[in-house]
Ligand code: FAD
Ligand code: NDP
């Protein structure tokens with residue numbers, strides 16, 4: 001197959017794994033979903049409605065998150081459609097889970113420790129059951145393991161995390177504690193430029209702490225940032241401590257790394273924009289990933305570089321990283337997995353595929 005140009009990585013090929021692998025005697029499924037954020041549960045809802053009996057591994061503090069994913073660490077989610085009054089992040093994920101279960105998803109509260117994607121059916125192992133013979137198998141796998149924002153672990157950070165400190169301006173920028181208050185962003189990449197510019201809508205002023213004397217952000221975004229009247233870039237500057245009244249952040253201790261000069265910056269908000277870490281350790285050596293470790297998919301699809309393995313949510317999205325975009329890509333992954341399974345079932349029978357393939361009721365009209 002000719003290399004596919006990727007939207008966010010080097011060209012890659014979709015490879016067909018060897019077929020005819022051994023099915024697990026413990027459990028074999030048509031589709032296994034790894035991950036329990038908006039992407040994983042949306043995939044599960046679609047697949048369960050298509051009567052494919054999906055199995056979803058929700059993780060046991062996998063990647064540092066409780067089942068339900070990143071939203072379990074936040075309070076108000078105000079930008080997910082359907083909740084005009086906002087919704088608590090944990091409550092929203094409980095609803096996602098209940099909806100998955102309602103249609104028959106098997107949810108298993110364990111972490112997947114290892115996968116072998118070289119042959120179909122694909123093999124995987126649960127944490128604590130990693131002997132060669134412990135494997136279970138799946139015809140298709142959806143990776144929805146998410147990502148986590150990098151943090152600096154400064155003194156005081158834990159005290160004020162989500163009480164003035166955040167890693168998502170789009171998620172948290174509009175909350176009252178930041179309104180008309182001085183705010184700070186740490187980072188010098190596109191995320192920092194974008195987040196700082198976004199925060200000018202809410203804060204009285206935005207300081208951007210850049211540890212070097214230059215920005216890594218693209219020229220156009222850097223220009224937009226540096227020319228904004230409500231933005232001051234503090235070059236060669238790092239934060240050394242988060243300070244406040246015990247409840248809310250009030251200032252940062254900062255240091256100029258060139259001169260060694262230290263000072264206090266009065267800010268009521270601090271937003272980290274120093275990059276994210278996609279949770280791809282499980283598959284990094286097996287599917288195509290980009291330089292930052294994100295799974296690369298065929299543009300406009302959830303297809304990874306291995307036929308039968310799909311990726312959805314933050315694990316394959318370094319640009320938007322929102323609950324709604326994760327849910328959307330989970331839907332895509334489910335529709336693509338269902339389609340592949342149907343096509344292969346048709347191929348396996350004597351009847352030509354076009355006569356055999358009848359989309360399930362849930363998917364009629366979409367494929
Ligand atoms: P995640 O939510 O990251 O979930 C992945 C899940 O998979 C985790 O539970 C993890 O434990 C599990 N997992 C990982 N590895 C394994 C494994 N090997 N086996 C089994 N399970 C595994 N977005 C918005 O749209 N609006 C907001 O207001 C908003 N607020 C946010 C506030 C905070 C504090 C944070 C951190 C993020 C916020 N976001 C918000 C972003 C949003 O949470 C993410 O974009 C979204 O959760 C990504 O969904 P996901 O399905 O890709 O994965
Ligand atoms: P990047 O890795 O590009 O940038 C991270 C920034 O954080 C760098 O300036 C880096 O500094 C700084 N940083 C890292 N660690 C520390 C630290 N410990 N202390 C202080 N500063 C630190 O991440 P982004 O999230 O900005 O971007 C990731 C990818 O997503 C990029 O490819 C980007 O182009 C893309 N993106 C695109 C957007 C768009 O097109 N609209 C929007 C957002 C992201 P240094 O430069 O010194 O290493």
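FYI, it's all coordinate maths here, none of it is from the lab. Everything numeric here is computed off the predicted structure, so don't read it as measured data. Every residue, glycine among them, receives a Cβ derived from its backbone with ideal geometry; neighbour counts consider all protein chains shown.
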query: What shape does segment 151-272 have by the C-alpha gyration tensor, where a ≥ b ≥ c are the square roots of the eigenvalues, rounded means a/c under 1.5, and otherwise prolate means a/b greater than b/c and oblate the rest?
result: oblate
task: Take every Cα-Cα pair in segment 207-298 and report what % of them are more than 18 Å apart.
output: 61 percent
task: Using per-residue counts of other Cβ atoms within 10 Å, averaged over each peptide, order 15-24, 306-315, 251-260 from highest down.
output: 306-315, 251-260, 15-24
field: Förster radius 45 Å - calculated FRET efficiency between residue 106 and residue 212 (Cβ-Cβ, nearest 0.05)
entry: 0.35
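To the nearest 500 deg cm²/dmol, what mean residue ellipticity at 222 nm is calculated for the chain from DSSP H runs of n ≥ 4 alone, each contributing -39,500 (n - 2.57), summed and divided by the residues?
-6500 deg cm²/dmol
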- line: With Cα coordinates, the longest principal axis of the chain makes an angle with the long axis of helix 323-348, in degrees rounded to 10, of 20 degrees
- request: Please label the shape of segment 39-93 as rounded, prolate or oblate, based on the square roots a ≥ b ≥ c of the eigenvalues of the alpha-carbon gyration tensor (a/c under 1.5 means rounded; beyond that, a/b larger than b/c means prolate, else oblate).
  value: oblate
statement: Counting only DSSP beta bridges fully inside the chain, the antiparallel percentage to nearest 5 is 45 percent
field: Mean Cβ count within 10 Å, highest first, over the residues of peptides 33-46, 167-180
entry: 33-46, 167-180
- request: Whole Å is fine, so just give me how far the alpha carbon centre of segment 16-57 lies from that of segment 121-182.
  value: 22 Å
query: Between residue 60 and residue 132, how many nm apart are label points set 7 Å from Cα along the C-beta direction?
result: 2.5 nm
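How far, in nm, would the chain grow between residue 320 and residue 75 when pulled straight, counting 0.36 nm per residue and subtracting the alpha carbon separation?
Contour length minus the Cα-Cα distance gives 86.2 nm.
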Cα gyration tensor shape of the chain, rounded if a/c is under 1.5, else prolate or oblate by comparing a/b with b/c: prolate
message: Suppose each label sits 7 Å from its Cα in the direction of the beta carbon; what would the residue 163-residue 285 distance come out to in nanometres?
response: 4.3 nm
message: Need the C-alpha centroid separation for segment 86-106 versus segment 268-335, integer Å.
response: 21 Å
query: When DSSP assigns beta bridges and you keep just the ones with both residues in segment 151-272, what percent turn out antiparallel, to the nearest 5?
result: 45 percent
